[in-house]
Amino acid sequence: MERADKTALITGGSRGIGYELAKLCAQDGYDVVLVARHQEPLERAADALESTWGITTMTIPKDLSRPESAREIHDELRHENIHVDILVNNAAARPTPARFDETDLEITEDLIRTNVVTLTNLTRRFVAPMVERGAGRILNVSSVAGELPSPPFGVYAATKGYVSTLSTVLARQLEPAGITVTVLVPGWTDTEMAWDAFEALDIDPETREILSPEDVAKAGYDGLLSGHTHVIPGQQYREAIRSELTTRASDIGP
Ligand SMILES: NC(=O)c1ccc[n+]([C@@H]2O[C@H](COP(=O)([O-])OP(=O)(O)OC[C@H]3O[C@@H](n4cnc5c(N)ncnc54)[C@H](OP(=O)(O)O)[C@@H]3O)[C@@H](O)[C@H]2O)c1
């Protein structure tokens with residue numbers, strides 16, 4: 001990959017919301033680094049971005065549940081002398097259906113490593129040079145499941161609560177350093193992850209408002225560029241979260 005003028009690093013950029021975010025970055029002239037586990041879909045996504053927008057891409061096949069994955073990605077980019085201007089922490093492990101006392105601990109720890117540990121590690125590594133340059137943008141993809149009581153989602157919901165809280169804290173802490181941090185909070189979105197979850201959690205999709213990955217990504221990308229901290233696509237999801245916050249506020253007692 002040639003040294004880029006501006007580069008976006010997008011985890012989970014091979015399909016779904018991440019790929020739509022990659023398209024928006026490419027459209028704006030960002031060179032794009034895509035990370036996901038499987039090489040072939042990564043290559044397909046990268047080829048499509050290059051041929052449509054004439055940008056340069058790099059693909060890094062990596063399992064983000066592995067403890068050393070963030071360091072390895074950082075090292076690869078440093079070796080190529082690539083500076084990341086936009087970091088999109090989008091990849092996540094899926095919710096698992098079992099009740100908490102019956103969950104497989106190995107799967108749960110992989111989920112926490114992917115959604116929490118590696119996300120934090122990547123952010124820490126890439127934000128330091130952003131602070132040195134006095135500029136940089138971070139978009140973290142959370143979930144409505146992290147904002148509302150969502151028992152079926154178990155530990156997944158808790159990891160998304162972490163992503164939302166960390167993003168809010170960092171947005172305030174890093175603003176004086178010239179860094180914006182945005183958290184995108186999607187509800188059900190028409191991707192492989194959602195259809196897998198509908199089946200695993202025995203949810204009837206007809207009963208849910210399903211957003212398009214294009215609309216979710218566009219809302220997130222616009223929020224990223226304008227430096228908004230919270231982006232919640234879809235009127236119904238915004239109202240559900242507002243109503244939950246009102247209920248909690250009225251429930252605060254000594
Ligand atoms: N879809 C929804 O309804 C919904 C709702 C709320 C929040 N979200 C959030 O939106 C984000 C994107 O989800 P999506 O719906 O677009 O999912 P998706 O279509 O299943 O895409 C997930 C992407 O992440 C990659 N990925 C998954 N596990 C990985 C791992 N361990 N290491 C590296 N890459 C990994 C996948 O590629 P590989 O499989 O090749 O690794 C793929 O590129 C996630 O943070 C998700 O929690 C989604």
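The values are calculated or read from the model by the stated rules, or taken from the named source; none is laboratory data. A quick note: this is a predicted structure, and the numbers were derived from the prediction, not measured. With ideal geometry, Cβ positions are generated from the backbone for all residues, glycine too; neighbour counts draw on all protein chains shown. Heads up: the accessible areas ignore ligands, DNA and RNA and are worked out on the full protein's heavy atoms, side chains in. Shrake-Rupley method; radii C 1.70, N 1.55, O 1.52, S 1.80 Å.
From the list 17, 10, pick out the single residue that is open to solvent by less than 20 Å² (accessible area, probe 1.4 Å), among the β-branched types (Val, Ile, Thr), closer than 21 Å to residue 92 by Cβ and within 11 Å of the ligand (Cβ to nearest atom). Testing whether each residue is open to solvent by less than 20 Å² (accessible area, probe 1.4 Å), among the β-branched types (Val, Ile, Thr), closer than 21 Å to residue 92 by Cβ and within 11 Å of the ligand (Cβ to nearest atom) leaves just 10.
Among the residues of the range 220-228, are any within 14 Å of the ligand (Cβ to nearest atom), touching a residue at least 24 places away in the same chain (Cβ under 8 Å) and over 30 Å from residue 105 (Cα atoms)? Walk me through it before giving the result.
Start the filter on the range 220-228 by keeping residues that are within 14 Å of the ligand (Cβ to nearest atom), which leaves 220-221.
Subset that is touching a residue at least 24 places away in the same chain (Cβ under 8 Å): 220-221.
Imposing the further condition that a residue be over 30 Å from residue 105 (Cα atoms) reduces the set to 220-221.
Yes, some residue in the range 220-228 is within 14 Å of the ligand (Cβ to nearest atom), touching a residue at least 24 places away in the same chain (Cβ under 8 Å) and over 30 Å from residue 105 (Cα atoms).
Once the range 45-61 is narrowed to residues that are more than 18 Å from residue 90 (Cβ to Cβ) and polar (S, T, N, Q), the residue that is least open to solvent (accessible area, probe 1.4 Å) is 56. Here the range 92-141 is the region considered, the condition is being more than 12 Å from the chain's Cα centre (by Cα) and of a type in the set (Gly, Ala, Ser), and the residue that is surrounded by the most Cβ atoms within 10 Å (Cβ to Cβ) is 136.
For residue 233, the conditions (1) assigned to a helix (DSSP H, G or I); (2) more than 9 Å from the ligand (Cβ to nearest atom); (3) open to solvent by less than 30 Å² (accessible area, probe 1.4 Å); (4) within 19 Å of residue 13 (Cβ to Cβ) are fulfilled apart from (1). Looking only at the range 82-91, which residues are within 14 Å of the ligand (Cβ to nearest atom) and open to solvent by 10 Å² or more (accessible area, probe 1.4 Å)? Scanning the range 82-91 gives 90, 91. Tallying residues that are open to solvent by less than 20 Å² (accessible area, probe 1.4 Å) and either under 13 Å from residue 218 (Cβ atoms) or of a type in the set (S, T, N, Q) (or both) within the range 23-44 yields 1. Residue 160 meets the conditions (1) without any contact (Cβ under 8 Å) to a residue 24 or more places away in the chain; (2) among the basic types (Lys, Arg); (3) within 17 Å of residue 122 (Cβ to Cβ) in every case but one. The failed one is (1).
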